[in-house]
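These notes concern the structure reproduced below.
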Amino acid sequence: MANPIAYLVLFSWPLVAWWFYARMPVERAFVWTIIGGYLILPPATSVDLPLLPPIDKLVMANICATVFTVAYAKVKVPLLPRSWFARILLLAFIFMPIPTILTNGDTIIIDAPFMEVGPMEQPIQVIPGLVPREVISFSGALILIHVLPFLTARAVLASETGRRELLRGLMIGGLLYTIPAVFEIRFSPQLNIWIYGFFQHDFIQMIRGSTYRPIVFLPHALWLAFFFVNAALATASLSRVEDKAKRIKYTYALIWLFLVILASKSMASAAYALALVPLVFLLSEAGRMRVAMLMVALALAYPSLRNAGMLPLDDIIAFMSRISEDRAQSLGFRFENEEILLQHANERRIFGWGGWGRYLVYSEWDGIQDAVADGRWIFIFGTYGIFGFIAEFGLLASPVILIWLRHKRRIEGDSQAHTGTLALMLGITMIDLLLNAAIVPFIWLIAGALLGTAEKGVPVRRHARGEHNTMLDIKPVEEREQRTII
């Protein structure tokens, strides 16, 4: 249970955010309010309000960032995107609990003869049906956790300055966070216990061989390793537009991040970093965008391929076993649980089963949960059905798709630096969401920044012969530190 310090830090964040906005350009203040809250504020600590989502680290940081951006920095944050494609997906995402609630008013009764109950109780577990008032809670959580940073980032980070500030925040945040991470690798994950009074997860999952996996103040060690991957991609992208005299510093930073990722003992994150960081150096912005489009397409197609049995799961597990038997067993366990939950989800495949554990499967013998939902996609598909999956994953994918479709349209003189790298981050996140559930706050910043960039595209005059006419060709630009009001 969290100690008083945890609640004091949580509810002091508005003062920290105010200091950011008073001292920094709006782009930088916005980025640090979100990323700083994600990294520093206590996990698994919240205040529950009637009918409203719990006020936790994510909600607190998002509210502070949006309120100070609008009220202090005087930035206009439109409630809907300009693109009709993104607008429809956003509205579907916000209101996807409504059809789910309307189609799940029935009660689920689990009658298990060997369920652990009191001596005078019947071995029956009842999961009540959903009621209309729960729309406030479910949709409110979607707005406060996901939509607020997405729409605010669309208004604040759509410029080249905004995108660079986002990458700088990821890079600096990642480098600073390696200090407590290395401490926990050496001495075990203790910082959350020492400072906030509790451990936020299962400690046994933090042990790998003879060393520990760091977690610091995040929900899981996998989330921390994935954050370092994005920090490494940001470092690589920023180094491309620096002069040669400064690149050596970025090279040292990148090598250090690589070492920490490897020491974090997350095979998936290590593979992501080894595969994607070289692409930042080898490919142009357009080339990176093509790779991102492939990842987005795979993530969107995965449920259909999985349902149709077209994925060679046994071959994938056999390949992994040649690399690591433990990782192969872990992947096989995920696929087995995914199959159990998928069969249950297909019973209500359009709008899903809803929340409160209705999408899960329970043993008919003892009523214990029969499968674990590791991947975000199976959670969304089981909870909100095909409609919910298209709404959430489609909204995440929409910026990459729109930039790809509008690659011949751009604002005259507006550089598209770093769009390819941000698209890679978004694409690898969607791939990772097939196996894990780390839909982290800064991903919505990336999606919003890219959507704002895509929506700025307008037809421009024909270039002179010999000049390039593509949105994705870039040139380094001088850094601007002035406050941008959109």
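Helical runs assigned H by DSSP (4 residues or longer) give the chain a calculated mean residue ellipticity at 222 nm of -20000 deg cm²/dmol, each run adding -39500 (n - 2.57) before division by the residue total.
Rg and Dmax, both from the Cα atoms of the stretch 168-225 and both in Å, are 11.2, 34. What shape does the stretch 1-156 take by its C-alpha gyration tensor, where a ≥ b ≥ c are the square roots of the eigenvalues and a/c under 1.5 counts as rounded, a/b above b/c as prolate, and the rest as oblate? It comes out oblate by the Cα gyration axes.
Legend: residues LEU49, LEU435, sorted from most to least accessible area (1.4 Å probe; ligands, DNA and RNA excluded), read LEU49, LEU435. The string of couplings for the stretch 373-384 from the Karplus curve (6.51, -1.76, 1.60, θ = phi - 60°) is 8, 7, x, 5, 5, 6, 5, 5, 5, x, 7, 10 Hz, one whole number per residue in order, with x for Gly and Pro. Given in Å, the Rg to one decimal and the Dmax to the nearest whole number for the Cα atoms of the chain are 22.9, 87.
Among the protein heavy atoms, those of LEU279 account for about 40 Å² of accessible surface (1.4 Å probe, every chain in place). The ratio of the alpha-carbon radius of gyration of the stretch 202-267 to the globular-protein estimate 2.2 N^0.38 Å is 1.31. With a 1.4 Å probe rolled over the protein heavy atoms of all chains, the accessible area of GLU27, GLU347 falls in the order GLU347, GLU27, largest first.
Sequentially through the stretch 269-283, phi angles give Karplus couplings (6.51, -1.76, 1.60; θ = phi - 60°) of 5, 4, 5, 4, 5, 5, 7, 9, 4, x, 5, 4, 7, 8, 10 Hz, Gly and Pro residues having no value and appearing as x.
Treat every Asp and Glu Cβ in the chain as -1 and every Lys and Arg Cβ as +1, leave all other atoms uncharged, and give the resulting dipole magnitude about the Cα centre to the nearest 20 debye.
So the magnitude is around 2580 debye.
For the stretch 293-408, a/c is not less than 1.5, where a ≥ b ≥ c are the root eigenvalues of the C-alpha gyration tensor, and a/b does not top b/c. That puts it in the oblate class. For ILE40, the accessible area of its heavy atoms, probed at 1.4 Å with every protein chain present, is near 80 square angstrom.
Determine the shape class of the stretch 101-186: with a ≥ b ≥ c the square roots of the Cα gyration tensor eigenvalues, call it rounded for a/c under 1.5, and otherwise prolate if a/b is greater than b/c, oblate otherwise. Because a/c hits 1.5 or more and a/b fails to exceed b/c, the stretch 101-186 counts as oblate.
Computed over protein heavy atoms with a 1.4 Å probe, the carbon and sulfur contribution to the accessible area of the stretch 152-226 reaches 67%. Given +1 at the Cβ of Lys and Arg, -1 at the Cβ of Asp and Glu and no other charges, the dipole of the stretch 335-397 around its Cα centre is 380 debye to the nearest 20. Looking at the calculated P(r) for the stretch 135-272, what percent of the C-alpha pair distances fall above 20 Å? Across the stretch 135-272, Cα pairs with separations above 20 Å total 56 percent. Couplings for the stretch 91-107, taken from phi via the Karplus curve 6.51 cos²θ - 1.76 cosθ + 1.60 with θ = phi - 60°, read 5, 4, 5, 5, 9, 5, x, 5, x, 5, 5, 5, 9, 9, x, 7, 8 Hz in order; Gly and Pro are left as x.
Over the C-alpha atoms of the stretch 232-290, the Rg to Rh ratio, Rh being the Kirkwood estimate, stands at 1.00. In this simple spin-label model, placing a label point 7 Å from the Cα along the Cα-to-Cβ direction at both SER324 and LYS246 gives a separation of 3.6 nm.
Loop sites by DSSP among the trypsin sites (Lys or Arg not before Pro) of the chain, restricted to those with at most 12 other Cβ atoms within 10 angstrom, leave 134-407 as the longest stretch without any of them.
Once the Cβ-Cβ distance of ASP111 and GLU336 is raised to the sixth power relative to R0 = 35 Å, the FRET efficiency obtained is 0.90.
Loop-located chymotrypsin sites (Phe, Trp or Tyr not before Pro) in the stretch 318-411 (DSSP state not H, G, I, E or B) with no more than 16 neighbouring Cβ atoms inside 10 Å: TRP356, TRP365.
The values are calculated or read from the model by the stated rules, or taken from the named source; none is laboratory data. Predicted model only: the values in this text are computed from it and were never measured. Glycine also receives a Cβ, built like all others from the backbone with ideal geometry; neighbour counts cover every protein chain displayed. Quick note on the areas: whole protein, heavy atoms, side chains included, nothing else; ligands and nucleic acids left out. Shrake-Rupley method; radii C 1.70, N 1.55, O 1.52, S 1.80 Å.
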